[in-house]
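Every number in this text was worked out from the coordinates using simple rules, so none of it is lab data. Being a predicted model, the structure only gives us computed values, none of them experimental. In this analysis, Cβ positions are derived from the backbone assuming ideal geometry, glycine residues included, and neighbour counts consider all displayed protein chains.
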Amino acid sequence: MSRGALRCSGAAASRAEEVMANDILRPRLQNAALRGGLAAQRVRRAWWMAAPMLLVLAAVGAWPLLRTIWFSLTDSELSNPGDYAFIGLENYVGEYGLLASADWWQAVGNTLLFTGLSVSLETLLGLGVALLLNQASRLRTLLRAALLVPWAIPTVVSAKMWSWMLHDQFGIVNHHLLALGVIAAPLAWTADPQLSLFSIVLVDVWKATPYMALLILAALQMVPVDCYEAARVDGVPRWQVFRRITLPLILPGLLVAMVFRTLDALRVFDLIYVMTSNSRDTQSMSVFVRQQLIDFGLVGYGSAAATCLFFMIALLSIVAMGLMRRTFERAAA
Amino acid sequence: MPLAARRSLLAMFFACVALLGIVANTRAADAVTISIACSGVGQELEFCKGAAEAWARKTGHALKIVTPPNDASERLALYQQLLSARSEKIDVLQVDVIWPGLLGSYLLDLRPYAKGAEAQHFAGFIANNSSQGRLVAMPWFANAGLLFYRSDLLQKYGQPVPTTWGELTASARTIQDGERALGNERMWGYVWQGRAYEGLSCNALEWVASHDGGAIVEADGRISINNPRAVLALQAASAWVGSISPTAVLNYAEEESRGVFQAGNAVFMRNWPYAWALAQAEGSVIRGKVGVAVLPKGGGAGRHAATLGGESLAVSKYSQHPAAAADLVLYMTSAGVQKDRALRGSFNPTIAALYQDAEILQANPFMGELLATFTNALARPTTVTGTRYNQVSHHFWNAAHDTLSAKATAEQALARLEQSLKRISRRGTWR
Amino acid sequence: MSGLVKAGAGSRALAPGAVPGQPRFPWGCIGYWAASLLFIFVSVFPLLYALSSSLKQGSGLFSPELWPKAPTFANYSGVFAEQPFAQNLLNSLLVAGSVVTLSLGLSLMAAWAFGRVEFRGRGLLLMLILSASMLPQVAVLSGMFELVRAFGIYDTLGALIIADLVLTLPFTVWVLVTFMRQLPKELEEAAAMDGVGVLTLVFRVYMPLLWPAMVATGLLAFIAAWNEFLFALTFTLSTEARTVPVAIALISTPSGFELPWGKIMAASVIVTLPLVALVVVFQRRIVSGLSAGAVKG
């Protein structure tokens, strides 16, 4: 690899690092010039302006969350909502606690497997599509429009569409696979415990890859053209260019996109609920929570599961933030 | 027109419909609005609306029809939320046969209003609808698991209608192999409901009970499911998967299995009575080639078992007009309305006397033969498990599904189920 | 900070070896077209197949050819005749419209505070708002249910509007703050000299300038509210109060056991086509909004 290309990649990387670090991790005001009484007045006004939004968010976000955490410490049931007692951590630990429930751990396992598979597939495919989209071509507009279709379709609708296509008797997927001789007998895509989670992953990949691709594309478009020019002049092989220049430069953007998809995937509900309902083989943590809360009416126990899910996601976000910050710092060093 | 005159006119006009002396205590002067949750769309909704409106005209009360989701578990979830919110939004609600135990504490005791009318209904159904001595819902129509068979195919291969599961397996095998040899590659022996949902609990309960393996949880709260006969029952069923039943049966609900049977691709099917009208419908390829029988016994020592299904009507405890609402329920579940529904919609009555009614039997020939099946139908253990029935059923169908999909042996699955049920019941106390 | 936001319109970088007109290897060109066409096909095929299925009826539904032998619109009329689907569509429109208006209004005000004024706790608050977008819906479900009950709005559209705000607000605030920060400060100084109040400043001066960003975020919020399922499933009871996703998930037939695939597909197509049209028309704006919301966030 030539010095020119290296130099270029270093400069762009530090620029990307600067952008990410400033905008995402440590937001700071750029033009904080005003001082004194005028500034104090501005701050007061700012609070007034922010207050309606903050109040609404506190009412619909923070308050319900706190109630859920409180319910998780009680034996509240849907069939008798007014009459409950504080039972400490009994919903979490002990013989009847969440942590001793095999079903809960299965839901945790399903969710992690689903998240791992779908996010890695979506990242790979999304990167591929983003590279395609980054080429000037007559197809580009069409490709982008087509990609937005799966993203815009309501999850419920896509789950229904795919359930129909994957129908074991009348589904078009089995029909063509059978006709091509790939399979000997119709596959029960959503019923077979070996297959159902993968079918769900497949639909999720179909639906979320466009999102991933667009985020990666945004990062790709930040790579300065002169980097490629330099590499081209030096005759660096394409694979090398991708590995040594493109990938490091888009890595921060790629990571952010992956974190976002991961946090989203951990909460998965609609897709699984519509495709396989409450089946234990595919139940995600969110589906488990709803089942306990509503189907079984166990408000306390279900809230305990919801609280666990919340803390898991919160913990992961914090870890992801820390890791990203370190990645950027290393890239800068 | 003076109110009194109008009332008497109306009363005269509807005298033919007014049954069981329920032209009761309601005066037009204190007419109220009753909201009733009719479930379903199309024909079922029309029937519900029609009968309720007839009652409204008769009594002078006003009606509001609310349409909840048609999917049973969705409807239950919504009712639970609505009732836990102490909402008076719905006075009369349609409840599935498994819900009285779950919703019982929210429902009104109808015994004082029924004045003995409950005695006409199937005793098992009434027992099922009783929660801690209170009659919380009036039976409206009944369902029971039935064996549908292709009479033409049984005849072609000289097979009798099977009375044991063993016979069913053998003739399913024979006919399936025979038909496949003749080129019908898609032919299957037996289709049923194997998806992990309430329907599998119904199917599996039939297998277990027909082998004399108990009722999962006995009336005294004892968890009986982990026994050798239940193991035998589950093993027999697992052997069907992939041999006489398609593997995909593991995701079949009622309609998927009917799809296969209706297309002429199955010899036997376990389903509810609704499949009869559809199989015999104009344009059906199996029209006139279908018979209905009681489900087989589990071997010589076993018995015939059919899970009880069906719907009832109940009154919310938070209703502001309990008397009028109860009156509506009693009218809707009366013999007259049930007969009309049986004639026009093939809904099985819950009143035994109607099974001798000539008109009903003409419209639905199988109803007369299967009266015993309906009267002896097996209730799921909802009364004893109460608010925890959903959990019990969930674990039961999962145990069955694990066995059927060979994720566990029947012994392992039932041992695990017993553990789970002990956990849910707080060691069999069901408190 | 501007590079990311201009994602849709910024300078196009060329991927290696893809100089249009003079490809180094014809293989690359063929591969590009093959891959692109494959992605296009996979993306739109399910919708096409749904369209095809929605035009079939009865046993025709069970034969998987793409072009229906006897196309019929019976499923479409059935969807509207058998249930209040028009009402469901209107509900979805009302809910999504109100959610968009409310979240944009609230966020625009807040965006001025967070984007143009420095005060203590600002960073922390922004972080908290961002983290609200990661809240699992089920974690607020029971608390939200209490809230809905307390306001007496169970089974009304109001419940859905309020609940959906928790999904859209964090996101709209975050994006608008990002865009607000990029506006030149001279604007505000000029306005301050004219003695303009803050609300006037925000809604008269900034809003027109932020219009493209508002359209992008508004569209995303609209789609989020339009597609929302869990709250709509939980907080409504009657068919008349349902939004479209719930109506589709719960579509049923007279017997209660039959699976009406034709009608489900017809309803799916009805719901999806306007959305797809919207997305195709505004694709650039949506792409820029998405990247601003996520890459920035």
Using per-residue counts of other Cβ atoms within 10 Å, averaged over each peptide, order B:357-369, B:89-101 from highest down.
B:89-101, B:357-369
If R0 = 56 Å, then C:Lys185 and B:Gln132, at their Cβ-Cβ distance, give a FRET efficiency to the nearest 0.05 of 0.20
Can you give the charge dipole size of the protein assembly as shown about its Cα centre, rounded to the nearest 20 debye, using +1 on the beta carbon of Lys and Arg and -1 on the beta carbon of Asp and Glu?
2660
Environment charge of C:Asn75, counting only residues whose C-beta is closer than 9 Å and scoring Lys/Arg +1, Asp/Glu -1:
+2
Kindly identify segment C:30-163 as rounded, prolate or oblate by the Cα gyration tensor criterion: order the square roots of the eigenvalues as a ≥ b ≥ c, call it rounded if a/c is under 1.5, otherwise compare a/b with b/c, prolate if a/b is larger, else oblate.
oblate
If you put +1 on each Lys and Arg Cβ and -1 on each Asp and Glu Cβ, how big is the dipole of segment B:102-203 around its Cα centre, in Debye rounded to 20?
140
Within 10 Å of each Cβ in A:287-296, how many Cβ atoms from other chains are there, averaged over the peptide?
6
Selection of trypsin sites (Lys or Arg not before Pro), segment B:288-338, meeting DSSP coil and at most 16 other Cβ within 10 Å:
B:Arg303
Cα-Cα over 27 Å: which of A:Lys160/B:Lys297; B:Lys58/B:Lys89; B:Lys317/B:Lys339; A:Lys160/B:Lys317; A:Lys207/C:Lys56?
A:Lys160/B:Lys297; B:Lys317/B:Lys339; A:Lys160/B:Lys317
Along the dipole axis of the protein assembly as shown (charges at Cβ: +1 for Lys and Arg, -1 for Asp and Glu; origin at the Cα centre), the most positive-end residue among C:Asn91, B:Thr373, C:Phe114 is C:Phe114
By how many degrees, 0 to 90 and rounded to 10, does the Cα axis of helix B:72-84 deviate from the longest principal axis of chain B?
40
Order C:209-216, B:309-316 from most to least packed using the mean count of other Cβ atoms within 10 Å.
B:309-316, C:209-216
Over the protein assembly as shown, the quotient of the Cα radius of gyration and 2.2 N^0.38 Å is 1.01
Within the protein assembly as shown, percent of DSSP bridges classed antiparallel, to nearest 5
65
Under 26 Å from the Cα of C:Lys185, which lysines turn up, not counting those fewer than eight places away in the same chain?
C:Lys6, C:Lys296
Taking every residue in C:218-231, how many Cβ atoms of other protein chains lie within 10 Å of its Cβ, on average?
2
Once exposed loop trypsin sites (Lys or Arg not before Pro) are cut out (DSSP; at most 15 other Cβ, 10 Å), longest piece of chain A
A:139-333
Using alpha carbons only, how many angstrom separate the centre of segment B:363-379 from the centre of segment A:253-273?
52
Among B:Ala31, A:Ala188, A:Gly128, which residue has its Cα furthest toward the positive end of the charge dipole of the protein assembly as shown, with +1 on Lys/Arg Cβ and -1 on Asp/Glu Cβ?
A:Gly128
Could you give the dipole magnitude of chain B about its Cα centre, charging the beta-carbon of Lys and Arg +1 and that of Asp and Glu -1, in debye to the nearest 20?
780
Once the dipole of the protein assembly as shown is set up from charges on Cβ (+1 Lys and Arg, -1 Asp and Glu), the residue from the list C:Ile30, B:Ile244, B:Pro273 lying farthest towards its positive end is C:Ile30
Summed over the other residues with a beta carbon less than 15 angstrom from that of B:Ile286, with K and R at +1 and D and E at -1, the charge totals +3
Whole-angstrom gap from segment C:83-146 to segment B:57-111, using each part's C-alpha centre
33
Cβ-Cβ cut-off under 11 Å around C:Pro84, Lys and Arg +1, Asp and Glu -1: the net charge is -1
Among beta bridges assigned by DSSP with both residues in segment B:30-138, the antiparallel ones amount in percent, to the nearest 5, to 20
Whole-angstrom gap from segment B:326-345 to segment B:223-290, using each part's C-alpha centre:
30
Can you give the average number of partner chain beta-carbon atoms within 10 Å of each beta-carbon in peptide A:62-75, as a whole number?
4
Pairing the Cα long axis of helix B:322-332 with the longest principal axis of chain B, what angle in degrees results, from 0 to 90 and rounded to the nearest 10?
50
Could you order peptides B:266-278, B:160-172 by the average number of other Cβ atoms within 10 Å of their residues, highest first?
B:266-278, B:160-172
Per residue of chain A, what 222 nm ellipticity follows from adding -39500 (n - 2.57) for every DSSP H run with n ≥ 4, rounded to the nearest 500?
-22000 deg cm²/dmol
Taking placed amide H atoms and a strict 5 Å upper bound, the residues 5 or more places from B:Trp188 or on another chain that come that close are B:Ala266, B:Val267
Quick one: compute a quarter of the convex hull surface over the Cα atoms of chain B and quote it in nm².
21.1
